[in-house]
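Only one structure is covered here, and it is reproduced in the block below.
The values are calculated or read from the model by the stated rules, or taken from the named source; none is laboratory data. These numbers were taken from a predicted model, which means no experiment stands behind them. As a convention, Cβ positions derive from the backbone with ideal geometry for all residues, glycine included, and neighbour counts pool all protein chains shown. To get the accessible areas, we keep the full protein, side chains included, count just its heavy atoms, and leave off ligands, DNA and RNA. Shrake-Rupley method; radii C 1.70, N 1.55, O 1.52, S 1.80 Å.
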Amino acid sequence: MKIGILCYPTYGGSGVVATELGKELARRGHIVHFINSQLPVRLDGDGFSDKIFFHEVSVPNYPLFSHPPYTLALAGRVVQVIKEQGLDLIHAHYAVPHSLVAVLAREISGQARVVTTLHGTDITLVGTEPSFLDVTRYAIEASDCVTAVSASLARDTRELLAVNKEVHTVYNFVNPDIYRPVPPAIREVYVGEGEHLLIHISNFRPVKRVPDVIEVFARVRESVPAVLLLVGDGPQHCHALAKARELGVSEHVCFLGQQREVVPLLSASDVMLLPSEQESFGLAALEAMACGVPVVASTAGGLPEVVADGIGGRLLPVGDTRGMAAATLEILGNPRRWREGALERAQNFSSTRWVAEYEALYRQVLA
Ligand code: GMT
């Protein structure tokens, strides 16, 4: 098949999933065309593949435009690529605006089918922005096939947008050859003998509740020596810093910023903290479990479908930092059992299984 992929190319779960899917599809012999404003982060630095192509979208500007017309420029480029390359389908990741762009390009070109994958905030936050609601609902209903990354998000889509469309659940995945425990050599950079290493990875948006991460960490430190790694960056960076100072733990918090290689960091860690307000799936939690790291998370959204309380880690209500600290201490007290649970749980989300689901849907749509 010849597949075009639309996604956000920078850091963020939906772009990561879309890029990893493209790479897996290419390994299975499909031709994959990424159409984006810039090379997706997870493609950068990867070796040559004769099955993966990248088409850059440049946004024309003109003094009359108060905003550069990105959506239009993307749609125009997608139409071109569909025609030039004879694409069979466009897989749009994140409804706003990719799903609408794909539908528009299908109508204009008179070719190609549209598969839309919903990732979370496109429905729970952005898609329900009153001015976006009708457009997002239209794009979803006009897609030839729609998937959501968890059953919880599929439910939210039906309830919040009242869409008249089947929404298939196709879970996110990791490639177990890449996401696996590696020797925790870098652990000694951050902790000494007898100290524990906690980790949080996110884009530091308000939904991630990064100040809660600090609060849980501070409570844990009341009982055991520990260091916290904060990986990623975003609007709540300063709040996290202020909270760490307020609680007197800033010396024990390492801000690492955005990191491309998270497997060595995860493999060196004991517990991942993910106390999000909303999380349709929680790719960071899956990546952690696949590296043998149990997760202490909130019960928000699709997290219970991923972590499974008592197996891959522990789940507590949003904001229950006391409970999350107790759960972290419980895990630190019996690391081997929880590590095995995390590894076992992650096996349900292997790329082999879930990429095959996407391929089956593509075939149905093209039949
Ligand atoms: O909202 C974000 O944090 C980023 C967003 C994205 O699109 O990059 O993440 C969403 O998609 C990820 C990949 O499917 C999921 O793992 C995240 O749970 C989801 N985020 C939220 O629902 C808040």
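Is one or more of the residues making up the stretch 66-75 touching a His at 6+ places or on another chain (Cβ under 7 Å) and of a type in the set (Phe, Trp, Tyr)? Let's see the steps before the verdict.
Here is the first cut: in the stretch 66-75, the ones touching a His at 6+ places or on another chain (Cβ under 7 Å) are none.
Looking through the stretch 66-75, none of the residues is touching a His at 6+ places or on another chain (Cβ under 7 Å) and of a type in the set (Phe, Trp, Tyr).
I'm trying to understand the selection: among the residues of the stretch 21-40, which are touching a strand residue (DSSP E or B) at 6+ places or on another chain (Cβ under 8 Å) and within 16 Å of the ligand (Cβ to nearest atom)?
Step one: list which residues in the stretch 21-40 are touching a strand residue (DSSP E or B) at 6+ places or on another chain (Cβ under 8 Å), which gives 21-23, 25-26, 30-40.
Answer for the stretch 21-40, where residues must be touching a strand residue (DSSP E or B) at 6+ places or on another chain (Cβ under 8 Å) and within 16 Å of the ligand (Cβ to nearest atom): Leu21, Gly22, Lys23, Phe34, Asn36, Ser37, Gln38, Pro40.
Just for helices (runs of 4 or more DSSP H) wholly inside the stretch 253-322: which have at least 2 residues that are modelled with pLDDT of 95 or more and within 20 Å of Ala148 (Cα to Cα)? Working first, answer last.
On the way: elements: 263-267, 283-290, 303-306.
Here the list reads 283-290, 303-306.
Test of understanding: among Ile178, Ile186, which residue is more than 16 Å from the ligand (Cβ to nearest atom) and within 22 Å of the chain's Cα centre (by Cα)?
Details: Ile186 fails: within 22 Å of the chain's Cα centre (by Cα).
Testing whether each residue is more than 16 Å from the ligand (Cβ to nearest atom) and within 22 Å of the chain's Cα centre (by Cα) leaves just Ile178.
Scan the stretch 25-42 for residues that are open to solvent by less than 10 Å² (accessible area, probe 1.4 Å) and of a type outside the set (A, V, I, L, M, F, W, C) and report the count.
Going through the stretch 25-42 one residue at a time, the tally reaches 3.
For the stretch 93-121, give me each residue that is within 17 Å of Ile5 (Cα to Cα) and near the ligand (Cβ under 9 Å from one of its atoms).
Passing the criteria: His93, Tyr94, Thr117, Leu118, His119.
Which one is most open to solvent (accessible area, probe 1.4 Å), of the residues in the stretch 260-286 that are within 16 Å of the ligand (Cβ to nearest atom) and over 18 Å from Val207 (Cβ atoms)?
Only one residue tops the list, namely Arg260.
Here are Gly127, Gly120, Gly86: which of them is modelled with pLDDT under 95 and at positive phi?
Testing whether each residue is modelled with pLDDT under 95 and at positive phi leaves just Gly120.
Taking the criterion of being surrounded by 19 or more Cβ atoms within 10 Å (Cβ to Cβ) and within 16 Å of the ligand (Cβ to nearest atom), would at least one residue in the stretch 77-92 satisfy it? Don't jump to the end; show me each part of the working.
Step one: of the stretch 77-92, the residues surrounded by 19 or more Cβ atoms within 10 Å (Cβ to Cβ) are 77-79, 81-82, 87, 89-92.
From what is left, the residues that are within 16 Å of the ligand (Cβ to nearest atom) are 91-92.
Yes: one or more hits.
If I ask for residues that are within 17 Å of the chain's Cα centre (by Cα) and within 17 Å of Arg337 (Cβ to Cβ), which ones from the stretch 270-320 would you list?
Met272, Ala288, Met289, Cys291, Val295, Val307
Look at the stretch 113-167 and say how many of its residues are without any contact (Cβ under 8 Å) to a residue 60 or more places away in the chain, open to solvent by 30 Å² or more (accessible area, probe 1.4 Å) and not β-branched (Val, Ile, Thr).
Of the residues in the stretch 113-167, 17 are without any contact (Cβ under 8 Å) to a residue 60 or more places away in the chain, open to solvent by 30 Å² or more (accessible area, probe 1.4 Å) and not β-branched (Val, Ile, Thr).
Conditions tested, residue by residue: (1) closer than 25 Å to Arg345 by Cα; (2) in contact with a Leu (Cβ under 6 Å, 6 or more places away or on another chain); (3) open to solvent by less than 10 Å² (accessible area, probe 1.4 Å); (4) not in a loop (DSSP other than H, G, I, E, B).
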position: Ala105; (1), (2), (3), (4): no, no, yes, yes
position: Gln111; (1), (2), (3), (4): no, no, no, no
position: Ile178; (1), (2), (3), (4): yes, no, no, no
position: Glu188; (1), (2), (3), (4): no, no, no, yes
position: Glu193; (1), (2), (3), (4): no, no, no, no
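Restricting to the stretch 326-340, name every residue that is of a type outside the set (A, V, I, L, M, F, W, C) and either over 26 Å from Glu222 (Cβ atoms) or open to solvent by less than 10 Å² (accessible area, probe 1.4 Å) (or both). Give the derivation first.
Just the residues of the stretch 326-340 that are of a type outside the set (A, V, I, L, M, F, W, C), to begin with: 328, 330, 333-337, 339-340.
Thr328, Glu340 - these are the residues of the stretch 326-340 that are of a type outside the set (A, V, I, L, M, F, W, C) and either over 26 Å from Glu222 (Cβ atoms) or open to solvent by less than 10 Å² (accessible area, probe 1.4 Å) (or both).
What is the one condition in (1) in contact with a strand residue (DSSP E or B) (Cβ under 9 Å, 6 or more places away or on another chain); (2) open to solvent by less than 20 Å² (accessible area, probe 1.4 Å) that Thr321 does not satisfy?
With (1) in contact with a strand residue (DSSP E or B) (Cβ under 9 Å, 6 or more places away or on another chain); (2) open to solvent by less than 20 Å² (accessible area, probe 1.4 Å) applied to Thr321, the lone miss is (1).
Restricting the search to the stretch 212-238, which residues are more than 16 Å from the ligand (Cβ to nearest atom) and either assigned to a helix (DSSP H, G or I) or open to solvent by 50 Å² or more (accessible area, probe 1.4 Å) (or both)?
Of everything in the stretch 212-238, those that are more than 16 Å from the ligand (Cβ to nearest atom) and either assigned to a helix (DSSP H, G or I) or open to solvent by 50 Å² or more (accessible area, probe 1.4 Å) (or both) turn out to be Ile214, Glu215, Val216, Phe217, Ala218, Arg219, Val220, Arg221, Glu222, Ser223, Pro225, Cys238.
Does Ala73 qualify as being crowded, with 22+ Cβ neighbours inside 10 Å, at pLDDT 95 or above and not assigned by TED's automatic domain parsing to the domain that holds Ser269? Full working, then the answer.
On the way: crowded, with 22+ Cβ neighbours inside 10 Å: no; at pLDDT 95 or above: yes; not assigned by TED's automatic domain parsing to the domain that holds Ser269: yes.
It is false that Ala73 is crowded, with 22+ Cβ neighbours inside 10 Å, at pLDDT 95 or above and not assigned by TED's automatic domain parsing to the domain that holds Ser269.
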